[in-house]
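Working notes, beginning with the structure itself.
Bear in mind these aren't lab numbers, they're just calculated from the coordinates by the rules spelled out. On a predicted model such as this, the values are computed, not experimentally measured, just so you know. Note: ideal-geometry Cβ built from the backbone for every residue, glycine included; neighbour counts use all protein chains shown.
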Amino acid sequence: MKRLIVFVLVLAVFAGTAFASGAPEGGGITLMQNKPEIDAMLQEYGAIWSESSGVDITIKSVGGGSGADMGQQLRADYAAGEMPDIFTIDGIESYKEWESLILDLSDEPWVDETAVAFTVDGKVYGMPVAVEGWGMAYNADVLKAAGVDPASLVNYDAYVDAFAKIDAMKGQLGLDSVVSMAASAEMGWVTAHHNFNSLLSAGLPYGDLSVVNDLLAGNVDQRRLSEYADWVELLFTYADPTVLTTGNYDAQVGAFATGKAAFLHQGNWTDPNMAAANAGFDMAFAPHGALHSDTDGIFVAAPSFYVINAESDNIAAAKQYLRDLVETEAGQNYMVNEAGMIPAFANVSLNPAGQLSRSVQEWAAQGKVYSWSQYYFSGEFRDGTLAPIYNQFATGQIDKARFMALLTEAFGSL
């Protein structure tokens, strides 16, 4: 699997080609997606595509701390008879919810250009939106000034030493905090999705579901959980209390982008934010220190997948929209140059300019990647059960022992 991901991220085996869209004229399609940070770019591309195809497209962006939840919105739209023609799923649990409405896309031409399409029983149902990755983003200039070697940050103890050293130098380094971390109610996707994945896959071979399967069965490795709880506590201890407990996405990312935090718990999707803030420092990813043993890799996968509503009256236009994202110059330019995404398709020769996206590509090229396994747990469990536990820990309502006990109880209730 590692080799497949490296293939997707690194090889450019064909030159990108452009050709006119063959979508049917007239009518209109609706697309709902879960990455508000790319909404402006996607809207602009939608206008370009509509003009060339003759098909109107309405784009709705929900989720990601924007005050709405993708699953809730889809359920509301379904009940109202307004299900979008194209929407995104994030993994197997959301696929199961909408399985009866998701069209088989196995015969689409872009399937042969990607190794990370969403598949079930050998059939392709979802087109990867991009390839993304996260670790601990770091300000290389700050680490250099503090005498911290980012290559050493491969385990918990190394982070303990680094955080303490940088914290003691905050004044001279111009920092408000060591880590920009958010655990507010609206930012549960940072804690109960991304941070949670450290427990699930850090240090394991790509695709290894041993921890996932144990937890789904209610079996909790208390040693692994204890080491993971140490990591969560360390992040919370060295975070800005205001950003940690009440900060939104902009507050969390902004603290790092403006040089007020040495580390950021986010992924390469923040590259556009860095560009907008004119962040003038070198940055890259280091692994999470979620275990006391070395975890020399970051988390890399497709974050979400476009699927087509099988009951749509606009299937031909929806298929053409997805094809054009991959096959046309305008689509490729949107994905890579405008939205700053790492393309998941081998025929796309463009590379993103963002430093964090380039860092993801470098880790993947070395095969130092861990799985995204959080989506084997339902959104309801992550957002409704786990996220409040992280929030209680962050706000001091519970201590580490209680944090571990509540997580253990939660897994036992699955």
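Structure notes:
- Length added when fully stretched, E362-T242, from 0.36 nm per residue minus Cα-Cα: 39.9 nm
- For region 40-165: rounded, prolate or oblate by the Cα gyration tensor [a/c cutoff 1.5]: prolate
- Fraction of beta bridges assigned by DSSP in the chain that are antiparallel (%, nearest 5): 60 percent
- Straight-line cross-link reach from K368 at under 20 Å between alpha-carbon atoms covers these lysines, not counting any fewer than eight positions away in the same chain: K2.
- Between L414 and S293, the modelled label-to-label distance comes to 2.1 nm, taking each label 7 Å out from Cα in the direction of the beta carbon.
- The dipole here belongs to the chain: it is taken about the Cα centre, uses +1 on the Cβ of Lys and Arg and -1 on the Cβ of Asp and Glu, and is about 960 debye.
- For the chain, the mean residue ellipticity at 222 nm estimated from helices alone is -11500 deg cm²/dmol, where every DSSP H run of n ≥ 4 contributes -39500 (n - 2.57) and the total is divided by all residues, rounded to the nearest 500.
- Extension gain, T258 to A168, is 30.4 nm, computed as 0.36 nm per intervening residue step minus the present C-alpha separation.
- Reachable lysines, given that their alpha-carbon falls under 20 Å from the alpha-carbon of K96 and they are not under 8 places away in the same chain: K123
- Each of M283, M187, M169 has some number of other Cβ atoms within 10 Å of its Cβ, and from fewest to most they run M169, M283, M187.
- Three-way shape label, region 261-414, alpha-carbon gyration tensor, a/c 1.5: oblate
- Inter-label distance for K96 and K123, nm, one decimal - labels placed 7 Å from Cα along Cα-to-Cβ: 1.8 nm
- Computed magnitude of the charge dipole of region 341-414 (debye, nearest 20; Cβ of K, R +1, Cβ of D, E -1): 200 debye
- Summing Cβ point charges (Lys, Arg +1; Asp, Glu -1) relative to the Cα centre of region 128-231 gives a dipole of roughly 100 debye.
- Under the simplified labelling scheme, the S226-A401 pair shows an inter-label distance of 1.3 nm, with each label point 7 Å from Cα along Cα→Cβ.
- Estimated FRET transfer efficiency (S52, N337; beta-carbon r; R0 25 Å; 0.05): 0.90
- For A284, residues with placed amide H under 5 Å, excluding near neighbours: Y138, A140
- Converting phi to 3J(HN,Hα) with the Karplus coefficients 6.51, -1.76 and 1.60 and the offset θ = phi - 60°, region 171-187 yields x, 6, 8, x, 9, 8, 7, 7, 10, 9, 9, 10, 9, 6, 4, 7, 10 Hz in sequence order, with x at every glycine or proline.
- Three-way shape label, region 285-364, alpha-carbon gyration tensor, a/c 1.5: oblate
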